[in-house]
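Each remark here refers to the structure printed beneath this line.
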Amino acid sequence: MNVAIIMFFACALLAVAGAVLLILAREPIHSALALVLVMMALAVLYLLLGAPFIAAVQIIVYAGAIMVLFVFVIMLLNAGVEERTDFSKIAKFGGVPLGFLLLLEIAHWLYHSPVGTAIANGAGSSNEAADTAQLSEMLFRQYLFPFEATSILILIAILGALVLARKEQ
């Protein structure tokens, strides 16, 4: 086994563990930190795929800015320990087996589909990778409006959180 395969499995295990911790955490801030773990593991996976720009965006935008926004909203709402209730019988006895069957179906589809075969044979990757300079030039020239519209939507989300968390006097 080479180092890339070991790194892949280690980061995949970290991402899955972080996702499970995200769901099972009682404190909202612990869920946010588990989400940061998932995003960092995904950034390393993007690096292994040869996409340094996507990895940098994953860390800067998602693990940085979006998580700061989440933590800000959590602190603003003063969210405490989550109250646990009993799971419904449908979720306990129906959801888990159906989720497992869904995973098996996706694996079966990927194994037998031409897309899965092409990915396994390495046909999906090209030797000519776009570098960060080309991507940033496209982002700030060709796709400037969607980039700025996203920042305005994030600003509106912050203002909405402030309005919702404001105490009536």
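All but one of (1) at pLDDT below 80; (2) more than 21 Å from A32 (Cα to Cα); (3) loosely packed, with under 11 Cβ neighbours inside 10 Å; (4) under 24 Å from the mean Cα position of the chain (by Cα) hold for S136, so report the exception by its number.
Only one criterion in (1) at pLDDT below 80; (2) more than 21 Å from A32 (Cα to Cα); (3) loosely packed, with under 11 Cβ neighbours inside 10 Å; (4) under 24 Å from the mean Cα position of the chain (by Cα) is unmet by S136, namely (3).
Considering (1) farther than 27 Å from L155 by Cα; (2) within 13 Å of the chain's Cα centre (by Cα); (3) in contact (Cβ under 8 Å) with a residue 24 or more places away in the chain, say which one M39 fails and leave the rest.
Looking at each condition in turn, M39 falls short on (1).
How many residues are more than 22 Å from the chain's Cα centre (by Cα) and surrounded by 11 or more Cβ atoms within 10 Å (Cβ to Cβ) when one looks only at region 144-167?
Of the residues in that region, 4 qualify.
Hey, does region 99-107 have a residue that's part of a helix (DSSP H, G or I), among the β-branched types (V, I, T) and modelled with pLDDT under 80?
no
Quick grid of which residues meet (1) modelled with pLDDT under 90; (2) surrounded by fewer than 16 Cβ atoms within 10 Å (Cβ to Cβ); (3) in a helix (DSSP H, G or I):
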| residue | (1), (2), (3) |
| --- | --- |
| R26 | yes, yes, no |
| A32 | yes, no, yes |
| M39 | no, no, yes |
| V44 | no, no, yes |
| F72 | yes, yes, yes |
| M75 | yes, yes, yes |
| A79 | yes, yes, no |
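Among the residues of region 121-130, is there at least one that is assigned to a helix (DSSP H, G or I), modelled with pLDDT of 70 or more and out of contact with any Asp or Glu (no Cβ under 7 Å at 6 or more places or on another chain)?
So far as region 121-130 goes, yes, one or more of its residues are assigned to a helix (DSSP H, G or I), modelled with pLDDT of 70 or more and out of contact with any Asp or Glu (no Cβ under 7 Å at 6 or more places or on another chain).
Let me spell it out: the conditions are (1) at pLDDT 90 or above; (2) closer than 28 Å to L162 by Cα, and I66 meets all of them except one. Which number is the exception?
Of everything listed in (1) at pLDDT 90 or above; (2) closer than 28 Å to L162 by Cα, I66 misses just condition (1).
The values are calculated or read from the model by the stated rules, or taken from the named source; none is laboratory data. Just so it is clear, the structure is predicted and the values come from calculations on it, not from any experiment. Note that each Cβ is placed from the backbone with ideal geometry, even for glycine, and that neighbours are counted across all protein chains shown.
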